[in-house]
Amino acid sequence: MLSRVCQRSKVVESAVSGPLLQARYSSNVVQEHDVILLRQKGPKRFSRRSISPPIHPESTIKIGYGATVQGSDIIGKSLPNSVTDSKGKNVRLHELSLAQYVTNSPRVATPIYPQDATLIVSMLDLNLPVPGEDPVADAGPPVEIFEAGTGMGCLTLHLARAIHGANPAVPPELREALCAAPYAKGRLLRETATDASPDLGSMPHGLDLPSPDLQSQLETHLAGRRAIIQTLDINPSTSRQAHGVIRNFRRAQYLLDIDFHVSTIRSYLAPRLAQSGGEPFLAHAILDLPSATEHADLAIRALRPDGKLIVFTPSITQAIEAVVWAEESTQPVYMDRVIELPESTWAEGFHDSVGGREWDIRSVMPRKYARKSSGAGEDDDGGGGEGGAGGAGPGDEQAGSAEVEKSKKGMVCRPKVGNIVGGGGFLTVFTRRMARQEFDQSPPEESPASKGADDSLDMEVRSGAA
C-alpha cells in the first residue's frame with residue numbers, strides 16, 4: 001500500500017510544470033541589486049564558486065574559465081536555479097550565506113571571522129522585542145551597541161542581523177533607493193581621523209536620494225529605531241568599504257540598523273556623555289583596535305550597569321594587560337572571563353569559513369579498477385551456450401558490472417593539509433558593575449566551589465596556628 005502511495009506521489013509531482021515545482025521549494029526570487037552565489041561547471045568534475053556583483057539587467061558578469069553570464073538572464077529566477085554561460089556551460093544559482101559573503105568579499109582589513117563573530121553576538125544574549133510588542137521597551141531609549149574598529153564590517157553585519165527585528169520595516173521604495181543612490185560628495189575625510197577632525201555626524205557615507213519624499217522617509221525611519229549599532233573607525237577609506245559591503249548584502253537589508261562614524265573614540269563618546277549629563281547610554285561595547293586600554297575608560301563610563309565590554313586581542317599578553325589595567329585603575333567593571341578563539345582551516349579560493357577543521361571525505365575508484373572497468377567483459381567466458389540454462393542476458397551483465405564497480409569503490413577520509421589557517425585571538429569580557437557596587441567596589445560573588453576552597457584553607461591556617 002505504501003509503495004503505491006509513493007508511486008502515485010511521484011506521478012503527480014512529475015505532472016507539475018517546472019516553474020510551479022520550483023515555487024513550492026523556494027520563494028526567493030532574484031531581484032535587481034541582489035548578490036548571489038554562482039557555481040560554475042568546469043572541466044571533468046571540477047566546479048568553481050564565486051560571488052556575483054550587484055546584479056543589474058544590463059550587466060555582464062564575468063565568471064571563471066573566460067565565460068560570462070548576463071544579468072537579465074538571472075533576474076527573476078527563483079533560487080536555487082541554473083542558467084547557461086557564454087560558453088554553453090551550466091551555471092547554478094544559489095542564495096548566499098552571510099559567512100560566504102563576508103569571507104569572500106574584497107577586504108582592506110583582517111575581519112573577525114564568522115565563527116568568532118557568532119560567538120561574540122551570543123555572549124551579548126540579545127533578546128529584543130519587535131516594535132509594539134513591549135510598551136515599556138517602546139517607551140524607553142533605544143538599545144545602542146558600540147563597536148570600535150569597523151574593519152570590513154563582518155562583526156557589524158552579525159550584530160545588525162541580531163537586532164534587525166527590533167526596528168520598524170524599511171519601506172520598499174526607500175530600500176530600493178538605498179541600493180541605487182550614489183554617495184554624496186565632499187562628506188568624507190581625506191585623512192585618518194584625529195580628536196581635532198571635524199564632526200561628520202552619523203552619516204559620513206550619506207547617499208544622494210532622488211527625491212525629498214525618500215529623504216523624509218529615511219529621517220522618519222531613523223527616528224523610530226529601537227536598536228542601533230554604533231560602529232566607529234578612524235580610517236575613512238576602510239569605513240567606506242565596510243559601508244559598501246553592508247550595503248550590498250541582501251539589498252541593504254541591515255544598512256539602516258547601523259550608524260557609521262569616522263572619528264576617534266574620544267571625539268564621539270565625550271560629546272555624547274556631555275549631552276546625556278554623564279548618564280550611561282550604551283547597552284554593550286566591543287573594542288577591536290590596538291591599545292584598547294587607552295580608550296576603554298570612556299567606553300566604560302558610557303556603559304550601562306550590567307553591560308558587557310568585550311575586548312578583542314591577538315595575544316594572551318595583551319589580554320593580561322587589559323585585566324591588569326582594569327584592576328590598577330579601579331575601573332567600575334569586573335572581569336567575567338577570558339576566552340581563546342579557536343583557529344580554523346580552509347582551502348584556497350572560495351570558502352565558507354564557518355569554523356572547525358576541514359576534512360576531505362569522498363568516494364573514489366582506485367586506478368587499477370578504473371582501468372579494468374573500461375575493458376570489463378572482454379575476457380569473460382560465457383559459461384553456457386546461447387540458449388543454455390546457464391546463459392545470462394545483457395541486462396544481467398550490466399547489473400553485475402555495476403555491482404562489481406560499487407564493491408571496488410573506496411573512501412578518502414583525511415584532514416585537508418596545506419590550507420589557510422585563520423582566526424584565533426582572545427576575548428576579554430568585562431561586566432559593568434551595578435550602581436550599588438560602584439561605591440564599595442565589592443568583587444563579584446564567588447562560586448560555591450571557590451568559596452569552599454577558601455573556607456577549607458582558612459580552617460587549615462587556624463588549625464596550624466593552634
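The values are calculated or read from the model by the stated rules, or taken from the named source; none is laboratory data. Just so we're clear, the structure is a prediction, and the values are computed from it rather than from any experiment. Here the Cβ is made from the backbone with ideal geometry for all residues, glycine too, and neighbour counts use every protein chain on show. With ligands, DNA and RNA removed, areas are computed over all heavy atoms of the protein, side chains included. Shrake-Rupley method; radii C 1.70, N 1.55, O 1.52, S 1.80 Å.
Structure values in brief
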| quantity | calculated |
| --- | --- |
| Filter result (over 11 Å from LEU232 (Cβ atoms) and either of a type outside the set (A, V, I, L, M, F, W, C) or part of a strand (DSSP E or B) (or both)) within the range 138-150 | ASP138, GLY140, PRO141, PRO142, VAL143, GLU144, ILE145 |
| Count of the range 68-85 residues which are outside any strand (DSSP E or B) and in contact with a strand residue (DSSP E or B) (Cβ under 7 Å, 6 or more places away or on another chain) | 8 |
| Filter result (open to solvent by 40 Å² or more (accessible area, probe 1.4 Å) and under 20 Å from CYS179 (Cα atoms)) within the range 55-76 | HIS56, PRO57, GLU58, THR60, GLN70, SER72, ILE75, GLY76 |
| Options GLY224, GLY244; residue that is open to solvent by less than 20 Å² (accessible area, probe 1.4 Å), in the same structural domain as HIS295 (by the TED database) and of a type outside the set (Asp, Glu) | GLY244 |
| Cβ-Cβ under 9 Å pairs, at least 6 apart or on other chains, the range 263-281 side in the same structural domain as LEU188 (by the TED database) and more than 19 Å from PRO236 (Cβ to Cβ), far side exposed (fewer than 14 other Cβ atoms within 10 Å of the Cβ) and of a type in the set (Gly, Ala, Ser) | none |
| Tabulated pairs, the range 229-250, first assigned to a helix (DSSP H, G or I), second acidic (Asp, Glu) and open to solvent by less than 50 Å² (accessible area, probe 1.4 Å), C-beta under 7 angstrom, 6+ apart or interchain | SER239/ASP233 |
| Residue in the range 107-115 that is in a helix (DSSP H, G or I), under 17 Å from SER50 (Cβ atoms) and over 14 Å from the mean Cα position of the chain (by Cα) present | no |
| Residue within the range 357-378 that is closer than 23 Å to LEU289 by Cβ, at pLDDT below 95 and hydroxyl-bearing (Ser, Thr, Tyr) present | no |
| Single match in PRO212, PRO135, PRO141 (criterion: open to solvent by 70 Å² or more (accessible area, probe 1.4 Å), in contact with a Phe, Trp or Tyr (Cβ under 8 Å, 6 or more places away or on another chain), more than 23 Å from ASN248 (Cα to Cα) and not polar (S, T, N, Q)) | PRO141 |
| Only listed residue being out of contact with any Phe, Trp or Tyr (no Cβ under 8 Å at 6 or more places or on another chain) and either more than 27 Å from VAL121 (Cβ to Cβ) or open to solvent by less than 70 Å² (accessible area, probe 1.4 Å) (or both), chosen from LEU178, LEU207 | LEU178 |
